Amino acid sequence: MTETQGSTPSRRALIGWGGAGLALGAAAAGGAVAMARTGNDVDPVAAETGGAVEFHGAHQAGIATPVQDRLHFAAFDVKTEDRAEFVQMLKDWTEAARRMTQGKAVGEGAYGGLAEAPPDDTGEALGLKPSRLTLTIGFGPSLFDKFGLRDKRPEALVDLPKFPGDNLDRTRTGGDLCVQACADDPQVAVHAIRNLARIGFGKVAIRWSQLGFGKTSSTTPDAQTPRNLMGFKDGTRNIAGTETDRLKKFVWVGDGDGQDWMTGGSYLVARRIRMNIETWDRTSLQEQEDVFGRDKREGAPVGKAKEHDAPFLKAMKPDAHVRLAHPDSNDGATILRRGYSFTDGTDGLGRLDAGLFFLAYQRDVRKGFIPVQRRLSAQDALNEYIQHVGSAVFAVPPGVRDSGDWWGRTLFSKEA
Amino acid sequence: MRAVRLTVTAAATAAALTALSACTAKSDAKDGDAIRVTAADAKCDTSAKTTPAGHVTLKIENKGSQATEVEILFPDDRIVSEKENIGPGTKYTLTAEVKAGSYEIACRPGMKGHGVRQKLTVTGGGSAAKRDPRLDKAVADYRQYAQDQADETLPRVETFVKAVKDGDLEAAKKAYGISRLGWERTEPVAESFGDIDPKVDVREDGLEDGQKWTGWHRLEKALWQDKKIGAEEKTLADQLVKDLKDWQGRVGKAEITPTSMANGAKELLDEVATGKVTGEEDRYAHTDLVDFKGNVEGAQKAYELLKPVAAKNDPALAGELDKQFTALDALLDKYRSDKDSYDFVSYDKVTKDQRKELSDAVNALAEPLSKLAAAVVK
């Protein structure tokens, strides 16, 4: 990251991101060889150049844009009762996000300012590339109890019900708002959250945050799905950034869906899913494959040869994860998954404190995550090896249109 | 409490900042004005004993057989400027902005010990930048405040010490928390005397190898953890009074500047954030909220004194600081039944959620407070 240098223009041209969809064709075609070789779904051009992802657009980046390698996700509580002060913070955040996603330092930078004052930027991303940083903001249900927003709460932003087996840690659950920072370099993601938190002091305070070190989903077509910490590919039939129709149908809030301020936005469910890593590792290969309904080597559904072959659900055990999570078992319910593996060291008993930080975007939580999770929590064979320990839901507003726009304008601005 | 090494650095930084403020109105010394310092194993010859205030240059040559260190020192041995590790047979030029006053130049062969000293009188004062009289008043008032705090602390400590020496466990426990208040309010000043803090306010985990544990926290452990007062504790109690009298006698000589006041206010909030919110400061007595309150009051005092200038230079910052001080005060008041008393809730009774709330309020104040120094020097 440098003080003045932005993204490489050539990369900008490749990722022309605007309107309802994504123009990733050129990047995907150009990088086909690299992708075949590495088996990763990275956008090869951007990943190799450490380029920037466009911050502005009809939708926020960080949802349908290609999934980066690293995550720092933070949930915040609002500390101020002053609406104008909160709105000003959203504007300050937007400006900082605009700069950081371009690889620029916050404010007047990390050095060269008044010797008596702490620098505006904390400095640890100096010299690092933009690393495809995306920053995505969301508003939690509890925010709508504040600032006279009660009438603006979308019906689709429901409080999640308690699912069987949930063991939610209050200190890892909920939040008035959230910021999802994804980047290929973890230091770039952490720098972004750290600097936003700093700008927010007095207005908001971090309630909880989660680091993720490995993506578990892909939004890039034809790529292989990354493995989760159980060693399996899961969520192979994810919605791709190029599938404009499915994005429109399942992810983006449309006109007339409810609250107008949400048009072009989406709803995010975040779940911290702890895996009982050690007991899973002692499970026989056969049982592991039965639990998922896939083979471990290729990720192919039971009875099929390749990962992306259409699954024959009835060939799987009735409690197999893939069978239960599949849209065909849930009246077509489909969500865009963007989760990350996490390991927060060990738990004091010598066991890995690890699992999946599940992130899913959808047009309506009531038609997306809730029905799928109701089924999974009741029947999934995987439940023996996992536990949901943190949970949050957020309304993710539409994108910041241009340099004069700001996060949350459609919600807070009267003329919007 | 903080490590000695940090304290020295802080003092040196404060000195450097002081020097900076003097920098605007002085003329650059010509090469011929440099003071030659010839260091050897047992001597430290200087070519001049007086020099005009402003830019002072030392042309150092080490003619000794071992590496040396050369320093310009305030009368209380705080460092104005220094160069370490000047090898045998090598030369070095050291520069500093120095205000009028009495100083010493020290050569420390082998970079240890008292070294060989020469007096240096810096004359004039015309070359020091003229400061805003409102800031001079702020510094003078703050010095008085720091002195008052020390003066008020001594009788409280003597009450505490008497109880310890009487072997009265309960009376000693009762007198402990309040005896620390004046110290906590002016901790950055107290810490600028690098040698007092490690004697009176060090915690067990802060001890260096070979350092004897003395002071408040040693007695705190005896009273709350060991629940007994022995001959050793009584001796340490006397020592505490002696060390704090040393502090009381030196407050007036502390180097205080508007910048060090502002930074000191921020440092007090740092103390709260790292020591009090976590409950580490008074881990046996759990009187952390008394120290917490003292730190905040001391920071607020420094801010109020600087406010006439800060509010003019940065009204938005002053508004935010007023708001956040008020909010934190109000939050702290929830932990005591009487606003005139320093009987706070025992910190082990403060829940995790409440600690988070306190921590958030500290962050909300400390972030704008970190900008106070800049608003004062603007």
- request: Can you find, among B:Ser370, B:Thr257, B:Leu305, the residue farthest towards the positive end of the dipole of chain B? Put +1 on the C-beta of Lys and Arg, -1 on that of Asp and Glu.
  value: B:Thr257
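Just rank A:Ser131, A:Ser217, fewest to most, by other beta-carbon atoms within 10 angstrom. Please report the intermediate quantities before stating the final value.
Details: A:Ser131 29, A:Ser217 25.
Least crowded to most crowded, the residues run A:Ser217, A:Ser131.
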Phi to ³J(HN,Hα) by Karplus 6.51 cos²θ - 1.76 cosθ + 1.60 over the stretch B:283-289, Hz, x for Gly, Pro: 5, 9, 7, 6, 8, 4, 5
- line: With label points set 7 Å from each Cα along the Cα-to-Cβ direction at A:Glu384 and A:Asp309, the distance between them in nm comes to 2.6 nm
- prompt: What ratio of Cα Rg to 2.2 N^0.38 Å holds for the stretch A:133-285?
  reply: 1.21
- line: Counting sequence-distant residues (5 or more places) and residues on other chains, those with an amide H built under 5 Å from that of A:Ala58 are A:Gly19
field: Fraction of beta bridges assigned by DSSP in chain B that are antiparallel (%, nearest 5)
entry: 75 percent
task: Using +1 at the Cβ of each Lys and Arg and -1 at the Cβ of each Asp and Glu in the stretch A:197-353, identify which of A:Gln286, A:Thr220, A:Ser341 lies farthest towards the dipole's positive end.
output: A:Ser341
message: Just want the answer: with Cβ charges of +1 for Lys and Arg and -1 for Asp and Glu, which residue in A:Leu133, B:Ala172, A:Gly148 is farthest toward the dipole's positive end in the protein assembly as shown?
response: A:Leu133
- prompt: Between B:Lys49 and B:Lys174, what is the spin-label point distance in nm, taking each point 7 Å from the Cα along the Cα→C-beta axis?
  reply: 5.9 nm
message: Taking 8 Å as the Cα distance limit and 6 or more residues as the minimum spacing, I'd like the relative contact order of the stretch B:161-221 as a percentage.
response: 22 percent
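Report the relative contact order of chain A, percent, no decimals, based on alpha-carbon pairs under 8 angstrom and at least 6 residues apart.
On the way: 941 pairs, mean separation 93.3, N = 416.
It comes to 22 percent, rounded to a whole number.
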- request: Give, rounded to the nearest 20 debye, the magnitude of the charge dipole that chain B has about its Cα centre when Lys and Arg contribute +1 at Cβ and Asp and Glu contribute -1 at Cβ.
  value: 980 debye
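For the stretch B:117-267, just say rounded, prolate or oblate: build the C-alpha gyration tensor, square-root its eigenvalues into a ≥ b ≥ c, call rounded for a/c under 1.5, and beyond that prolate if a/b exceeds b/c, oblate if not. All intermediate terms of the calculation are to be shown ahead of the outcome.
On the way: a/c = 2.66, a/b = 2.06, b/c = 1.29.
Prolate, because a/c is 1.5 or more and a/b exceeds b/c.
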task: Net charge near B:Thr46: determine it from the other residues with C-beta under 11 Å of the C-beta of B:Thr46, scoring Lys and Arg +1 and Asp and Glu -1.
output: +4
- prompt: Can you sort A:Ile273, B:Ile105 by how many other beta carbons sit within 10 Å, fewest first?
  reply: A:Ile273, B:Ile105
message: Students often get this wrong: which residues of the stretch B:284-323 have the backbone nitrogen under 14 Å from the point 7 angstrom along Cα-to-C-beta of B:Glu204?
response: B:284-286
task: Filter the chymotrypsin sites (Phe, Trp or Tyr not before Pro) in the stretch A:270-356 down to the DSSP loop ones having no more than 14 other Cβ atoms within 10 Å, then list what survives.
output: A:Phe312
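Hey, which of these cross-link pairs are over 30 Å Cα-Cα: A:Lys129/A:Lys296; A:Lys91/A:Lys146; B:Lys234/B:Lys266; A:Lys129/A:Lys162? The partial results should precede the final answer.
On the way: A:Lys129/A:Lys296 35 Å; A:Lys91/A:Lys146 18 Å; B:Lys234/B:Lys266 35 Å; A:Lys129/A:Lys162 42 Å.
Violating the 30 Å Cα-Cα cut-off are A:Lys129/A:Lys296; B:Lys234/B:Lys266; A:Lys129/A:Lys162.
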Point-charge dipole on Cβ atoms (K/R +1, D/E -1) for the stretch A:172-301, about Cα centre, debye to 20: 520 debye
statement: In whole angstrom, the spacing between the Cα centers of the stretch B:188-253 and the stretch B:330-358 equals 26 Å
field: Around A:Val188: net Lys/Arg minus Asp/Glu count, Cβ-Cβ under 13 Å
entry: +1
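Taking 0.36 nm per residue of sequence separation and subtracting the Cα-Cα distance, how much length would be gained by fully extending the chain between A:His56 and A:Lys248, in nm to one decimal?
On the way: separation 192, 0.36 × 192 = 69.12 nm, distance 1.86 nm.
Gain in length upon complete extension: 67.3 nm.
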query: With charges only on Cβ, +1 for K and R and -1 for D and E, what is the dipole size of the stretch A:287-381 about its Cα centre, in debye, rounded to 20?
result: 380 debye
message: With angles folded into 0 to 90 degrees, how steeply does helix B:352-369 sit against the dominant principal axis of chain B? Use alpha carbons for both and round to 10.
response: 30 degrees
- request: Compute the signed sum of charges (Lys and Arg +1, Asp and Glu -1) over the other residues within less than 11 Å, Cβ to Cβ, of B:Lys227.
  value: +1
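When the Kirkwood radius is taken over all Cα pairs of the protein assembly as shown, what Stokes-Einstein diffusion coefficient follows at 25 °C and 0.890 mPa s, in µm²/s? Numbers along the way, then the final one.
On the way: Rh = 30.3 Å.
Once the numbers are plugged in, D ends up at 81 µm²/s.
Just need the relative contact order of the stretch A:204-350 here, percent rounded to a whole number, with Cα pairs under 8 Å and 6+ apart.
Values: 177 pairs, mean separation 42.1, N = 147.
After rounding, I find 29 percent.
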message: Can you give me the angle between helix B:315-333 and the longest principal axis of chain B, using Cα atoms only, in degrees from 0 to 90, rounded to the nearest 10?
response: 40 degrees
- prompt: What are the residues whose amide H is under 5 Å from the amide H of A:Trp208, where those residues sit 5 or more places off or on another chain and H is modelled from the backbone?
  reply: A:Ala75
- prompt: How far is helix B:4-22 tilted off the main Cα axis of chain B, in degrees rounded to 10, range 0 to 90?
  reply: 60 degrees
message: Please list, in order along the stretch A:174-190, the HN-Hα scalar couplings obtained from phi with the Karplus expression 6.51 cos²θ - 1.76 cosθ + 1.60 (θ = phi - 60°), rounded to whole Hz, x for Gly and Pro.
response: x, x, 6, 8, 9, 10, 9, 10, 10, 7, 7, 10, x, 5, 5, 5, 5
- prompt: From the phi of every residue in the stretch B:188-197, what ³J(HN,Hα) in whole Hz does the Karplus formula 6.51 cos²θ - 1.76 cosθ + 1.60 yield, where θ is phi - 60° and glycine or proline is x?
  reply: x, 5, 4, 6, 5, 8, x, 8, 8, 3
- prompt: So how do A:Asp353, A:Asp145 line up by other beta-carbon neighbours within 10 Å, fewest first?
  reply: A:Asp145, A:Asp353
field: Given 15 as the ceiling on other Cβ atoms within 10 Å, longest exposed-site-free region of chain A for GluC sites (Glu not before Pro) in DSSP loops
entry: A:156-297
statement: Residues meeting the amide H criterion for B:Val80 (H placed from the backbone, H to H distance under 5 Å, 5 or more places apart or on another chain) are B:Ile72, B:Leu73, B:Phe74
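Divide by every residue of the protein assembly as shown the summed helix terms, -39500 (n - 2.57) for each DSSP H run of at least 4, and state the resulting mean residue ellipticity at 222 nm, rounded to the nearest 500 deg cm²/dmol.
Helix-only estimate at 222 nm: -11000 deg cm²/dmol.
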Prolate/oblate/rounded call for the stretch B:180-296, Cα gyration tensor, a/c under 1.5 rounded: oblate
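Using only the Cα atoms of the stretch A:239-380, build the gyration tensor, take square roots of its eigenvalues as a ≥ b ≥ c, and label the shape rounded, prolate or oblate: rounded if a/c is under 1.5, else prolate if a/b is larger than b/c, else oblate. Write out the running numbers ahead of the final one.
Details: a/c = 2.23, a/b = 1.39, b/c = 1.60.
Cα axes put the stretch A:239-380 in the oblate bin.
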P(r) histogram, all alpha-carbon pairs of chain B included - 20 Å bins from 0, percent: 26, 51, 22, 1
query: Got a sec? Which residues in the stretch B:178-201 would a label at B:Val241 touch, if it sits 7 Å along Cα→Cβ and we count backbone N under 19 Å?
result: B:178-183, B:199-201
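The numbers here are math on the coordinates, done by the rules we state, and not lab data. As the structure is a computational prediction, the values presented were derived from the model and not from experiment. A quick note on method: Cβ atoms are made from the backbone with ideal geometry, for glycine too, and the neighbour counts reach across all protein chains shown.
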